[in-house]
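The values are calculated or read from the model by the stated rules, or taken from the named source; none is laboratory data. Just so it is clear, the model here is predicted, and its values are computed rather than measured. Neighbour counts are summed over all protein chains in view; Cβ atoms, including those assigned to glycine, are modelled from backbone coordinates with ideal geometry. What goes into the accessible areas is simple: the full protein's heavy atoms, side chains included, and nothing from ligands, DNA or RNA. Shrake-Rupley method; radii C 1.70, N 1.55, O 1.52, S 1.80 Å.
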Amino acid sequence: MILSSTELVRLLLKREKYKQKDLADALTVRTGKKYTKGSLAQQVLRGSISYDEFVIIADILGYDVKIEKR
């Protein structure tokens with residue numbers, strides 16, 4: 001099964017019992033760009049999370065993004 005980055009973010013947030021507001025705050029600290037719960041929710045809803053944002057989100061939640069050749 002192949003999941004989009006948006007679906008993965010939702011899954012990881014749920015799995016880690018992490019709130020979108022806490023993630024938005026952590027993203028703001030990490031990137032210097034202002035994130036709010038609402039703006040993050042909209043990005044998730046629209047599926048417009050960039051790869052760079054996804055890597056940072058994964059790191060915040062304690063995951064590594066790994067790409068390996070088959």
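Overview of results
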{"quantity": "Proximal charge balance of residue 62 [Cβ under 11 Å; K/R count +1, D/E count -1]", "calculated": "-2"}
{"quantity": "Solvent-accessible area, 1.4 Å probe, carbon plus sulfur percent, for the chain", "calculated": "54"}
{"quantity": "Residues of type aspartates and glutamates that residue 66 reaches as a straight line, Cα spacing below 16 Å, ignoring anything fewer than 8 places off in the same chain", "calculated": "52, 53"}
{"quantity": "Proximal lysines relative to residue 33, as straight alpha-carbon distance under 19 Å, when same-chain residues fewer than 8 apart are discounted", "calculated": "19, 21"}
{"quantity": "Dipole magnitude (debye, nearest 20) for the chain, charges at Cβ of Lys, Arg, Asp, Glu", "calculated": "200"}
{"quantity": "Selection from 18, 58, 31 lying farthest towards where the dipole of the chain points positive, charges on Cβ", "calculated": "18"}
{"quantity": "The chain - accessible surface per residue (Å², probe 1.4 Å)", "calculated": "75"}
